[in-house]
Amino acid sequence: MTSPSIPVATLGAPRIGPRRELKTALESFWAGKITEAELLERAAALRVATWARQKAHGATVLPSNDFSLYDHVLDTSVMVGAIPEIYGWGGGVAPLSVAFAMARGAEGETEAACGHAHGAGAPAQEMTKWFDTNYHYMVPEFRPGQRFQVASHKPIEQYLEAKALGYETRPVLLGPVTFLKLGKTKEPGFDPLDLLPSLLPTYMHILRRLNASGAEWVQIDEPCLVLDLDDRTRDALRQAYGTFAQTLPNLKVMLTTYFGALGDNLDLALSLPVAGLHVDLVRAPEQLEAVAAKAPRGLVLSLGVIDGRNVWRADLPKLADRLRAVVAKRGADHVQIAPSCSLLHVPVDLEQETALDPDVKSWLAFFVQKVEELAALATFLSGDKTAAAPAFEASARAAAARKASPKVHNAAVAARLASVTESMARRKSAFAARAETQRRRFDLPRFPTTTIGSFPQTGDVRKARSAHARGALDDAAYETFLRAETERAVRWQEEIGLDVLVHGEFERNDMVQYFGEQLSGFAFTEHAWVQSYGSRCVRPPILFGDVSREKPMTVGWWRYAQSLTKKPMKAMLTGPVTILNWSFVRDDVPRSDACRQIALAIRDEVLDLEKAGAAMIQIDEAALREGLPLRRGEWDRYLGWAVECFRICASAVADATQIHTHMCYSEFNDIIAAIALMDADVISIETSRSKMELLEAFRSYRYPNQIGPGVYDIHSPRVPTPEEMRDLIALARQRLDDAQIWINPDCGLKTRGWAEVKPALANMVAAARQVRASA
Ligand code: GLN
Ligand code: ZN
């Protein structure tokens, strides 16, 4: 295809490589197997390949500095010298070891069941989710009076690196205002935005050097523009971009927003003295008209029309129809075609998937395919319809096939969804009555002890699973192995005296995948990895169609485990909201409908478990909070259907059946009403690190149901003593009634080793006994 006259930008590319080459390189380096020079060489090779790939598939505005060895927010902290003292940076250019210490702690990271890592030695910086994605960034740290100084020239180095290869790129920087807003401070009452005047000179230094090196444009990302902003932030944006325009009049800034609508920030964004504005027209298609109508004549509009957050192939003719008028009105030299956001969040190349159902495959587009879509769209809109025709025809065919496919649409599921009634989401009796029934049934001691579900997934367990997947271990041998592991775990739980047992989840590869693989409507890939943080990648299931459950998914393992013991065996399920939030979700029905379909399937599983005799059933909703919309005004709607979906799963059972749920680390203050509406009989939460402060929300709300606040920090290999856990229980008792309290670890134990888990849980049981004896 000849290159279109309308520019094609990608905003950013996946960093990990088609075969996770970056992961391999990083982990080899951390393990001491390769040198720093070798790591840097491999990273450079990935950048070269990525530029070449984008160019070959039709991108004309290539990004640079979108690559990062670990995280672009961390890179920004290093760039401006926002490096806390403990990392031992003495000024000047910061060595790589400083950045890795910030990322992983001085002694490297450990993993936890919730997927979050925590440094073991000099602590890693805090990590949190990048807006509403599953990408995690390292949280910058700020203090009053902080000075900034350039400690990395990476943006310039990578710009020049591309230039030397013959690529003229548009360097990407995280904007100063979003950067400050993403940071945290230990100083109460201090607003990091106060630091803007002292931060700006470092940005100006970098921008000036980029400009002097030949960069005509830079892309500055300010995704904070899609959030609810206060006046201070608005002023900060005016100040930052006013300063850039004044001091660098020859540098063109593409101010880049994504993950939502500009909404009430539209006028502000359009008033900033920048040369271009990028808007997300996938999350917020409706803003196209307003943006186009209000944008000043000379402003270049970057139209983010290809979904950078999801894996679906676009309907190109439909998009072209939608954009034609805007392009005609503004002129080809004042628009650019782009993905909604950086393509960092999608897998690299669909062509690597050789085992996918060919129909499903034909509906998908990953990074490489999305670049092709952008190019075809730009070609068409530039007027070369013939050149774009093959891509447009294929796109239209795929869209029509997907719309009509029986693999996507199941009339029985639609009928069932339509018949959901309010009473299906209501338990038979209120909590107080259920609690009494359950108390008589279980006759548990006060402060009953339990765990969250998984036990260590040892090397042996992983080896057996991969041998089974490869076909090297047959079904019967694998089953025998898993039974032995389960039996050992059950016996051991009995021995140490836990009150409520679990089967250990040895048969599960992952808490979402395990269910997705047994439900229709989900597809799984071989290589469709996306970066979660640093070298960690996830391979989310693809929810492409109506969800149904052919047969029970967990009953066999539960029944086997219960047959080994007289103690209650808690059954273990993943909840619908978590399955949804950790998958690539279909874009042809509302998220809430997709979630309700999953909820109905899980509801059936709950009933089958109850029928088999399960008296306690845990439905994990680890990712409930993660799904919260970026704008406050949209929270109630989300929480409304999310809670309803949980209740659809949980409400079919008898009063005597005890429903548990579990949530990983969450702030509860602002969602406590929704948590209470979930009405689980027991909720276990992560609290040990917060010294039980997270219980404050439950106390002040007078949360009535039972709670298991975690007393054992499973993120650390350290074995807590009975005394410290007793102290934590004492703190919990200040905030809750004794009758509400369960004793459990913070989260599942699958990433820990038995050597720590055994003494830690034995100590936990001892702590519970001490409290019972003295209370
Ligand atoms: N039941 C799951 C486990 O124990 C819960 C994990 C999670 O909350 N992330 O592994
Ligand atoms: Zn958890």
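Read the figures in this text as sums done on the coordinates, not as results from a lab. All of these numbers come straight from a predicted model, not from anything done at the bench. Glycine also receives a Cβ, built like all others from the backbone with ideal geometry; neighbour counts cover every protein chain displayed.
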Discussion item. Given R₀ = 25 Å, what would the calculated FRET efficiency be for VAL420 paired with GLU667, taking r from the Cβ atoms and rounding to 0.05?
Written reply: 0.25
Discussion item. What does DSSP give for segment 571-704 in terms of the percent of beta bridges that are antiparallel, rounded to the nearest 5?
Written reply: 0
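With +1 on each Lys and Arg Cβ and -1 on each Asp and Glu Cβ, how big is the dipole of segment 658-743 about its Cα centre, in debye rounded to the nearest 20?
Around 100 debye, computed over segment 658-743.
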Worksheet, complete the sentence: To the nearest 10 degrees, the tilt of helix 459-470 (Cα long axis) against the first principal axis of the alpha carbons of the chain is 70
Practice prompt. Please quote Rg/Rh for segment 335-470 to two decimal places, taking the Kirkwood radius as Rh and restricting both calculations to Cα atoms.
Written response: 1.20
Item to complete: Enumerate the lysines that LYS129 could reach by cross-link, defined here as Cα to Cα under 16 Å, with residues fewer than 8 away along the same chain left out.
Response: LYS181, LYS184
Worksheet, complete the sentence: Cα extents of segment 451-602 per principal axis, largest first, Å, are 50, 32, 32
Worksheet item: Could the peptides 303-312, 140-149 be put in order, highest first, of the mean number of other beta-carbon atoms found within 10 Å of their residues?
Response: 303-312, 140-149
Worksheet item: At each listed q (0.14, 0.27, 0.28, 0.31 Å⁻¹), what is the log10 of I(q)/I(0) that the Debye formula gives for segment 549-592 modelled as equal alpha-carbon point scatterers?
Response: -0.53, -0.99, -1.02, -1.10
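Could you state the orientation-averaged shadow area of the convex hull built on the Cα atoms of segment 217-285, in nm² to one decimal?
4.2
Trypsin sites (Lys or Arg not before Pro) within segment 668-775: which are DSSP loop residues with at most 14 other Cβ atoms inside 10 Å?
In loop regions of segment 668-775 (DSSP not H, G, I, E or B), the sparsely surrounded trypsin sites (Lys or Arg not before Pro) are LYS691, ARG702, ARG718.
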Fill in: Positive minus negative residues near HIS527 (Lys, Arg vs Asp, Glu; Cβ under 10 Å)
-1
Discussion item. Could you derive backbone 3J(HN,Hα) for segment 546-557 from the dihedral phi with the Karplus parameters 6.51, -1.76 and 1.60 (θ = phi - 60°), listing whole Hz in sequence and x where the residue is Gly or Pro?
Written reply: 4, 9, 9, 10, 6, 8, x, 9, 10, 5, x, 5
Item to complete: Would you mind working out the magnitude of the charge dipole of the chain relative to its Cα centre, with +1 at each Lys and Arg C-beta and -1 at each Asp and Glu C-beta, to the nearest 20 Debye?
Response: 420
Worksheet, complete the sentence: Lys and Arg at +1, Asp and Glu at -1: neighbours of VAL172 with Cβ under 9 Å from its Cβ sum to -1
Fill in: Summed side-chain charge close to GLU351 - residues other than GLU351 whose Cβ falls under 12 Å, Lys, Arg +1, Asp, Glu -1
-2
Worksheet item: Given ILE671, LEU174, VAL93, which one lies farthest toward the positive end of the charge dipole of the chain, if we put +1 on the Cβ of every Lys and Arg and -1 on the Cβ of every Asp and Glu?
Response: ILE671
Worksheet, complete the sentence: Tilt, helix 591-612 to longest principal axis of the chain (alpha-carbon atoms), in degrees rounded to tens, equals 20
Worksheet item: What is the Cα radius of gyration of segment 649-705 over 2.2 N^0.38 Å, N being its residue count?
Response: 1.17
Worksheet entry | aspartates and glutamates whose Cα lies under 19 Å from that of LYS154, excluding same-chain neighbours fewer than 8 positions away | GLU36, GLU38, GLU41, ASP66, ASP71, ASP75, GLU168, GLU216, ASP221
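What's the magnitude of the charge dipole for segment 592-645 around its Cα centre, counting Lys and Arg as +1 and Asp and Glu as -1 at the beta-carbon? Answer in Debye, nearest 20.
My answer is approximately 240 debye.
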Worksheet entry | Amide H contacts under 5 Å for TRP312, placed H, 5+ residues apart | ALA365
